[in-house]
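Where a number appears in this text, it was derived from the coordinates with a stated rule and is not lab data. For clarity, every value in this text was computed on a predicted model and none was experimentally measured. Cβ atoms come from the backbone with ideal geometry, glycine included; neighbour counts cover every protein chain shown.
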Amino acid sequence: MERRQPRAGSQEDQTRGLILDALVQQAFEQAFPGEDFSFVRVLPATDPKFGDFQCNDALKLAKKLKLPPRAIAEKVAALLPLKVEVAGPGFLNITVTGDWLEGRLSEMCADAHLGVEQCGKGRKVVIDYSSPNAAKQMHIGHIRSTVIGSAIDRIFRALGYDVIADNHLGDWGTQFGILIKGYRECLNDSERENLTVANLEKCYVLSAAKAKESEDWKDECRRELVKLQQGDEENLGLWKRFIDISIGEFERMYAKLGVKFDTYRGESFYNPMMPGIVSRLEEMGLAKESEGALIVDLSDEGLGVAIVRKSDGGYNYTTSDLACVKSRVEEYNPERIIYVTDDRQQLHFKQFFNIAAKMGYTGVQLVHVPFGLMSYQGKAISTREGNLIKLDDLLAESVKRCLATLSERGNADEALAEQIGYGAVKYADLSHDPATAIDFNWDKALALDGNSGPYLQYAYARVCSLMDKAGEDPEAVSAAGFATESNSEKQLALQLLKFPSVVRRAAEAYKPSVLAEYLYATCQLYSSFYQNSPILKSEAELRSRRLNLCRLFGKILKAGLALLGIETPSHI
RNA sequence: GGGGCUGUAGCUCAAUUGGAUAGAGCAUCAGACUACGAAUCUGAGGGUUGUGGGUUCGAUUCCCGCCAGCCCCGCCA
């Protein structure tokens with residue numbers, strides 16, 4: 001928060017996907033030889049009454065082939081070895097057989113990745129998220145970058161990408177002059193000995209307030225900063241200690257949220273590279289002097305002006321981010337770097353991506369995933385408004401509420417309450433498109449019904465319970481096949497089949513909400529099936545086939561929630 | 001002034017990137033527990049997709065103009 005599109009799918013990604021694509025493409029080629037039909041796609045039907053799958057591409061071809069769309073569709077339909085109907089202006093509606101469905105489900109089960117294609121194999125991406133400021137406690141404003149970034153991280157890993165998750169800490173800058181001064185003057189001995197982030201935050205606030213009213217104090221802060229920047233041993237030691245304590249505190253939060261970083265490279269890491277970046281910008285004629293500062297003028301491109309060196313000689317975020325790209329390219333040579341920050345920083349990222357390209361960093365795809373700000377009960381979150389809720393407190397409150405609900409049902413299990421409480425908070429965020437702003441509200445975030453984390457976890461717990469009752473292994477799918485006869489079975493089966501393409505779509509759009517939405521819809525179909533179809537009481541063969549369907553549902557739900565960083569307790 | 005984001009049921013949000021009659025949850029109303037777990041399920045009502053044009057077989061989606069809200073625009077990140 002403090003610190004802060006192209007498609008993810010390359011051509012080889014597209015070659016897999018639903019087997020039906022290839023089949024229908026073939027029919028098109030056969031019907032109209034010599035044309036390229038690689039763009040043809042078969043999608044899940046938008047409504048069961050249109051069959052199971054549909055292809056809309058005959059309509060698109062009408063102009064090119066100079067034929068009425070229905071005629072095209074009919075010619076293709078006649079060549080397809082599937083049950084297919086031409087409807088409306090030229091839709092191809094495809095209905096698959098139970099055998100076909102069972103075959104696909106079996107393949108999915110047999111695959112270690114549940115059918116999720118490993119299109120990221122051998123491809124490296126850096127994902128830059130969370131990035132809180134050192135010496136401050138994390139608050140609810142940090143949730144989105146952390147939770148969305150972490151989910152994107154997991155989703156890319158699931159697709160086989162080699163991901164480097166980097167936490168770009170705000171660990172350098174003027175605030176450390178204020179902090180060091182505050183540490184020396186505003187804390188007592190015991191506070192200095194048992195230094196915590198809370199204490200750091202306190203002394204920062206006190207010191208910053210004094211700097212505001214006293215020029216002397218301000219000057220001293222500045223002097224401490226200069227000493228730090230010049231490598232003064234004592235100040236450097238303090239700085240290091242502040243950082244270590246901060247990271248320790250952040251990791252306590254990350255442990256609760258199930259977030260894990262590969263590297264913690266703050267701005268200090270890139271600080272030594274700043275002069276080099278600036279001189280290169282000057283050499284290339286990209287930067288020029290203006291009002292004492294060094295700027296890159298992008299106003300011709302509608303991007304305003306970016307300052308790369310301040311009039312006091314210091315550097316700021318644009319320079320730091322450029323240095324960061326240089327460093328990442330040299331060390332990792334990733335094909336992509338993904339930044340997850342709030343949408344106020346959009347201009348900055350456009351500027352900095354633009355400059356990076358001009359500096360020659362064109363081999364790496366730079367992607368900004370902006371998310372809408374979180375407000376609190378209709379008001380922007382700010383220290384002044386006094387509505388800054390600490391992340392720690394939020395999570396504790398969530399757990400407390402879940403524990404209360406569990407207690408009512410005679411199951412006051414603290415660890416379980418944590419799984420549900422943390423999951424509820426994460427799901428409340430991830431189920432929304434990142435682009436939309438969220439107004440935080442306790443009741444909404446912690447709701448236990450409807451489209452919520454607990455609903456999904458509950459559905460999973462019921463599958464486990466069912467398997468317990470059946471006395472069967474919850475994971476091991478038997479050879480009996482899958483129930484697909486009834487309408488609710490078939491709809492669930494078709495839904496389960498979508499999982500791989502949903503994971504890919506979530507990655508391509510950088511939207512974990514795509515996956516969340518899918519999981520919720522899947523749970524609704526499962527609950528409906530479960531409520532209306534006896535499983536354990538069915539005769540032996542049907543029972544086994546229904547149990548297999550439940551098992552696969554459970555596996556997919558568990559895997560999907562894991563990608564969102566949400567745990568799946570087997571008993572609630 | 002320049003730019004970005006947002007606007008869909010009373011409320012909170014979807015809509016597979018241009019497809020068929022715009023879907024869910026909450027709330028409201030009517031049903032289903034001698035239970036494969038009711039944190040569930042079945043059903044009902046609820047819409048001029050901010051607004052006016054345009055593009056075409058077809059627009060919530062793309063283009064232009066307006067309206068409203070939020071945000072950014074040289075020394076914070």
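If packing is taken as the average number of other Cβ atoms within 10 Å across a peptide's residues, how do A:74-85, A:158-169 rank, most packed first?
On the way: A:74-85: 17.2, A:158-169: 22.6.
In descending order of packing, they fall as A:158-169, A:74-85.
I need the fraction of alpha carbon pairs in segment A:165-240 separated by more than 18 Å, rounded to a whole percent. The partial results should precede the final answer.
Details: 1098 of 2850 pairs.
Tail fraction, whole percent: 39.
Protection proxy ranking of A:504-512, A:479-487, A:519-527, by the mean of other Cβ atoms within 10 Å over each peptide's residues and highest first, is A:504-512, A:519-527, A:479-487.
Computed from phi, the 3J(HN,Hα) profile of segment A:305-312 under the Karplus parametrisation 6.51, -1.76, 1.60 (θ = phi - 60°) reads 10, 10, 8, 10, 8, 6, 5, 8 Hz, with x in place of Gly and Pro.
Database remark: amide H of A:Glu117 closer than 5 angstrom to no amide H (H placed geometrically; neighbours at sequence offset of 5 or more, or on other chains; Pro and chain starts carry no H).
Summarising the amide proton neighbourhood of A:Gly170: residues at separation of 5 or more, or on other chains, whose placed amide H is nearer than 5 Å comprise A:Asn133, A:Ala134. Normalised by 2.2 N^0.38 Å, where N is the number of residues, the alpha-carbon radius of gyration of segment A:309-374 equals 1.16.
For chain A, the list of Cys residues with no other Cys C-beta under 4.7 Å reads A:Cys55, A:Cys109, A:Cys119, A:Cys221, A:Cys324, A:Cys402, A:Cys464, A:Cys523, A:Cys550. Amide H contacts for A:Arg309 (H built 1.01 Å from N in the peptide plane; partners 5 or more residues away or on another chain; cut-off under 5 Å): A:Leu294. Remark: segment A:11-96 carries a charge dipole of roughly 340 debye about the Cα centre, counting +1 on each Lys and Arg Cβ and -1 on each Asp and Glu Cβ. A simple packing score, the average count of other Cβ atoms within 10 Å per residue, orders the peptides A:49-57, A:230-238 as A:49-57, A:230-238, with the highest score first. Calculated mean residue ellipticity at 222 nm for chain A: -17000 deg cm²/dmol, from DSSP H runs with n ≥ 4 weighted as -39500 (n - 2.57), summed, divided by the residue count and rounded to 500.
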